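**Student:** Below is one structure. I have some questions about it.
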Amino acid sequence: MRIFIAVSVICMSIVSSKQLSLSAFARSEHKDVKEVRTLQGFNHNMLHHLQWGKSLSTPACRLGLPIIRYPGGTVSGYWDWRQGWVISNADHAQRFPNATSGYMFSQYAPLDDNGTKFYTLDNLKREYLDTCALGGRPAERNAAGVMHGPVVNFVLNMLTRELPDQLELLRYADNIGIPVRLVELGNEYYCSRDANSDVSDRFASAEAYAANATAWATAIKQVFPNASVSVVGREYRSGDVGRAATWTDIVASAVDKSVVDAITFHPYWGAGVPPSATSHNFTGNSTEQELQFTALNTPRGISASLRSAAGKQLQSVRNYTNSTLTNVFDGLDIRITELNVFDRIGTSKYTWLHALQVASAHVILAATPKVKEIIHHSFDGCCGFATTFVPPMEAYFAGRLVPPLPQAMGAIPNNSFTAPGCILHELAAFYRNVSALSTAAAQEVAPMEFSPEPPVLNAYTDSAGAAPGVVGVFLGDNLTANAHGHGTRVLGAVVVNLLPNATSLDLGWTGAAGARWRVHTLASDRSLNLSTPLTDTASEVAITVGSQSTALHSVQLPPFSTMTLEFDTAFQHGIVP
């Protein structure tokens, strides 16, 4: 539930220390061009639900994220697109008779519903793509003629199916009216034999995968020359050994970049506070939960957890843009096709703390050159990843012992947004609005820079990457900087305040006569209290101001908040410091 209250009330409820004052600007040399309307997307954990019907399509459309990743991540390697379900146990055993790990879908019985095929492409198109009004708004064209409807990111099955079968999938999709724009060549094939023997048996090395990927991409481009084809990359991690440690450099260097357009990464981050989980069940045990809950309800723990997310993303950005990797990534876009917190103990799940982690990650990556897609894992399902509480509710809190759950999970409305879902819903609406105002098919994006630099978030250990307490991004049709660093046609901005301080952000802009802007602020009306899943704590402030000589000199950022600013066409012209 969203509550509309005044900015001052939010600030008074969660201010804990002296207000800060920052000036924000952008530098044109740091800008990138990307189609922001299709910047975001989601995975759907389809194995937890029966079909693509109204029970799923309605909340998914309301969430508003434009890209759906089909059929998903790990499941894609075992997917039979004709049946709309995972392959049978017998099929798997025939293909991998010596399997020791990897196949995790044996518990899902083959479909048997009088021939009904739940997750076929026909079902996806009929129940979702043809009926979806993203964010509750019908499909429409922006000034550049670009449609505002959903887009499918196809993840092909290179593990248990061959190229002709997967080409037929793409042809069939195209024939029934699903455009083939985004294609991923598999999912996380860098796994070791201990993690997934199927992957290592199918692709003995990164070189073997790269050779297969080039052959597949070549064939796909012959049929769909305008599709963006991505290969599997591995997020750089200091602890990696074996094939994972060298996977990305080998694949990015070996593939034919005349047919491969992008490389995918899956950045996840931990809770940022001790203890470490001793199990891998996404909930830990009661002792671990109690210790983590205690740590996360301290100022130091909150800062450390937020730094875990922002620091991880900033380190990823440094890896993506490191000069030593320039030749490796030359000619390849970057597509983030999974992203979320990876809290294996789980007391932070669905809290406002979780929401802020997701917000900072999306903003940092949106401002990163060459990042063209950011997909959240996932829309629904288990393990604390979800954006939306889609029944059955038990899947969301299974194994959570500390703190106690609400008196009844029935108190959480079905299909309501989780705290991260509130953030993603707001960002999706913001990107749609910016795209609608834009006169170009793609927009310029630049990171927000500050003077003075915002305080650095604290951490439990010095090993965590440094992270600022405020991050932001500008979007526009022309961010060419003048002497003062301000753009000439700014359409909007997003800024995330990860600090316990209210922050005044000086923009110093003056708009033309009749200029108008809209400011949406998402903050928590319970601060960062983790005692309950914060499904009803996203408070929105919507302010619309207009006058005959409008100045937008500063905006007030509440503590622990995310703000989007949209500028209409009157305000965009002649912006000066």
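**Student:** Just to verify a result, which residue in segment 368-379, among those that are open to solvent by less than 10 Å² (accessible area, probe 1.4 Å) and out of contact with any Phe, Trp or Tyr (no Cβ under 8 Å at 6 or more places or on another chain), is nearest to P420 (Cα to Cα)?
**Tutor:** Pass one, segment 368-379, residues open to solvent by less than 10 Å² (accessible area, probe 1.4 Å): 368, 371, 373-376, 378-379.
From what's left, out of contact with any Phe, Trp or Tyr (no Cβ under 8 Å at 6 or more places or on another chain): 373-374.
Details: E373: 18, I374: 14 Å.
Within segment 368-379, the match that is nearest to P420 (Cα to Cα) is I374.
**Student:** Mind checking which residues of segment 237-290 are in contact with a strand residue (DSSP E or B) (Cβ under 9 Å, 6 or more places away or on another chain), closer than 27 Å to V183 by Cα and assigned to a loop (DSSP other than H, G, I, E, B)?
**Tutor:** Listed by number, the residues that qualify are V255, V259, V260, D261, H266, P267.
**Student:** Now for a separate question. Out of S348, S316, S308, report the one residue that is part of a helix (DSSP H, G or I), crowded, with 23+ Cβ neighbours inside 10 Å and touching a Ser or Thr at 6+ places or on another chain (Cβ under 9 Å). Even if it seems obvious, please write down each step before you answer.
**Tutor:** Values: S348 fails: part of a helix (DSSP H, G or I); S308 fails: touching a Ser or Thr at 6+ places or on another chain (Cβ under 9 Å).
Matching residue, one of S348, S316, S308: S316.
**Student:** Right, something else. Name the residue, out of Y119, Y128, that is modelled with pLDDT under 95, of a type outside the set (V, I, T), in a helix (DSSP H, G or I) and surrounded by 19 or more Cβ atoms within 10 Å (Cβ to Cβ).
**Tutor:** Within the list Y119, Y128, the selection yields Y128.
**Student:** Then there's this: Hey, among the residues in segment 190-214 that are in contact with a Ser or Thr (Cβ under 7 Å, 6 or more places away or on another chain) and not in a loop (DSSP other than H, G, I, E, B), which one's surrounded by the fewest Cβ atoms within 10 Å (Cβ to Cβ)?
**Tutor:** It comes out as S197.
**Student:** Just to be sure I understand, how many residues within segment 27-46 are open to solvent by less than 30 Å² (accessible area, probe 1.4 Å) and either part of a strand (DSSP E or B) or modelled with pLDDT of 80 or more (or both)?
**Tutor:** Initial filter on segment 27-46 (open to solvent by less than 30 Å² (accessible area, probe 1.4 Å)): 32, 34, 36-44, 46.
In the following step, the residues that additionally are either part of a strand (DSSP E or B) or modelled with pLDDT of 80 or more (or both) were identified as 32, 34, 36-44.
Total meeting the criteria: 11.
**Student:** Then there is this: Quick one: is S106 surrounded by 15 or more Cβ atoms within 10 Å (Cβ to Cβ), at pLDDT below 85 and either over 26 Å from F203 (Cβ atoms) or not β-branched (V, I, T) (or both)? Walk me through how you get there before you give the answer.
**Tutor:** Numbers: surrounded by 15 or more Cβ atoms within 10 Å (Cβ to Cβ): no; at pLDDT below 85: yes; either over 26 Å from F203 (Cβ atoms) or not β-branched (V, I, T) (or both): yes.
Here the answer is no, as S106 does not meet what is asked.
**Student:** Follow-up. Given the structure, is A442 at pLDDT 85 or above and in contact with an Asp or Glu (Cβ under 6 Å, 6 or more places away or on another chain)? Let's see the steps before the verdict.
**Tutor:** Details: at pLDDT 85 or above: yes; in contact with an Asp or Glu (Cβ under 6 Å, 6 or more places away or on another chain): yes.
Taking the combined requirement at face value, the residue satisfies it.
**Student:** For segment 249-262, give me the residue count where each residue is within 24 Å of F342 (Cβ to Cβ) and in contact with an Asp or Glu (Cβ under 8 Å, 6 or more places away or on another chain).
**Tutor:** Counting residues in segment 249-262 that are within 24 Å of F342 (Cβ to Cβ) and in contact with an Asp or Glu (Cβ under 8 Å, 6 or more places away or on another chain) gives 1.
**Student:** Kindly provide the set of residues from segment 449-467 that are under 23 Å from the mean Cα position of the chain (by Cα) and surrounded by fewer than 21 Cβ atoms within 10 Å (Cβ to Cβ), ordered by number.
**Tutor:** The first filter runs over segment 449-467 and keeps only residues under 23 Å from the mean Cα position of the chain (by Cα), leaving 449, 457, 464-467.
Those that are under 23 Å from the mean Cα position of the chain (by Cα) and surrounded by fewer than 21 Cβ atoms within 10 Å (Cβ to Cβ): E449, A464, G465, A466.
**Student:** For segment 228-282: of the residues being polar (S, T, N, Q) and at pLDDT 95 or above, which is most open to solvent (accessible area, probe 1.4 Å)? Give the steps one after another, and end with the answer.
**Tutor:** Pass one, segment 228-282, residues polar (S, T, N, Q): 228, 230, 238, 246, 248, 253, 258, 264, 276, 278-279, 281.
In the following step, the residues that additionally are at pLDDT 95 or above were identified as 228, 230, 258, 264.
Working: S228: 18, S230: 2, S258: 89, T264: 5 Å².
Ranking the qualifying residues of segment 228-282, first place goes to S258.
**Student:** Also: Under the condition of being outside any strand (DSSP E or B) and surrounded by 15 or more Cβ atoms within 10 Å (Cβ to Cβ), which residue from segment 468-488 is modelled with the lowest pLDDT? Spell out how you get there, then give the answer.
**Tutor:** The initial filter retains those residues of segment 468-488 that are outside any strand (DSSP E or B), namely 469, 479-488.
Adding the requirement that they be surrounded by 15 or more Cβ atoms within 10 Å (Cβ to Cβ) leaves 469, 479, 481, 485-488.
Details: G469: 94, L479: 76, A481: 52, G485: 44, H486: 50, G487: 49, T488: 63.
So, considering only residues that are outside any strand (DSSP E or B) and surrounded by 15 or more Cβ atoms within 10 Å (Cβ to Cβ), the one modelled with the lowest pLDDT is G485.
**Student:** Name the one entry in D198, D194 that is at pLDDT below 95, in contact with a Phe, Trp or Tyr (Cβ under 6 Å, 6 or more places away or on another chain) and not hydrophobic (A, V, I, L, M, F, W, C).
**Tutor:** Values: D194 fails: in contact with a Phe, Trp or Tyr (Cβ under 6 Å, 6 or more places away or on another chain).
Result of the check over D198, D194: D198.
The values are calculated or read from the model by the stated rules, or taken from the named source; none is laboratory data. For clarity, every value in this text was computed on a predicted model and none was experimentally measured. Because the Cβ atoms are built from the backbone with ideal geometry, glycine has one as well, and the counts that use them run over all protein chains shown. Accessible surface is based on the protein model in full, side chains and every heavy atom, while ligands, DNA and RNA are left aside. Shrake-Rupley method; radii C 1.70, N 1.55, O 1.52, S 1.80 Å.
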